[in-house]
Amino acid sequence: MIYAALPLTLILYILVRHLYRKYPHPLINPLLIPTLILIALIAYFKLPLADYQKGSWPISALLNPAVVALALPLYQQLQQIRKKLKLIAICTLSGVFISVVIALILGLLLGAHKEMIASLITRSITTPIAMPVSQTMGGSRRSPQP
């Protein structure tokens, strides 16, 4: 799985993106469907998730520069952001709070271990920040990079 992880992920993304362009429907999501297919394949064949993470590390490595790349458009829209800062803050904090509560409730209902719940409740934070936050809360210390 290590050597197939990256090509398989990219192929699934490209195929679903092509399908979405041909049939634009919200359920044909180029990020969601490949993820679900990969989860199903990993679960069905009982493959170690660590192998997939090692094989797809370039995708994870690109998250940090992608987050930094968001800074320029945000800076360019600074006036608009300042005008609506209160609304943006309320919506963002509400979304984070709801996300954390839902993850916590689902984790408890499904009987997840404490480490898993600590990892789940940080999922609303961008990944480069969520990893260390999760670790300080007792979550998984495994990194997707090799």
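The values are calculated or read from the model by the stated rules, or taken from the named source; none is laboratory data. If you're wondering where the values come from, they're calculated on a predicted model, not measured in any experiment. Counting neighbours? That spans all protein chains shown, and the Cβs are built from the backbone with ideal geometry, glycine included. SASA here: full protein model, heavy atoms, side chains in, ligands and nucleic acids out. Shrake-Rupley method; radii C 1.70, N 1.55, O 1.52, S 1.80 Å.
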Quick check on the range 67-84. Is at least one of its residues open to solvent by less than 90 Å² (accessible area, probe 1.4 Å), within 30 Å of Leu8 (Cβ to Cβ) and not hydrophobic (A, V, I, L, M, F, W, C)? no
Hits in the range 91-146 - residues which are open to solvent by 90 Å² or more (accessible area, probe 1.4 Å), over 17 Å from Leu49 (Cβ atoms), outside any helix (DSSP H, G or I) and at pLDDT below 70: Met137
In the range 85-125, anything of a type in the set (S, T, N, Q) and farther than 22 Å from Tyr75 by Cβ is listed as Ser94, Ser99, Ser119, Thr122, Ser124
Within the range 17-72, can you find the residues that are of a type in the set (S, T, N, Q) and either closer than 16 Å to Ala4 by Cβ or part of a helix (DSSP H, G or I) (or both)? Thr35, Gln53, Ser56, Ser60, Asn64
Inter-residue pairs, beta-carbon under 9 Å, first in contact (Cβ under 8 Å) with a residue 24 or more places away in the chain and in the range 67-90, second surrounded by 10 or more Cβ atoms within 10 Å (Cβ to Cβ), 6+ apart: Val67/Thr126; Val67/Thr127; Val67/Pro128; Val67/Ile129
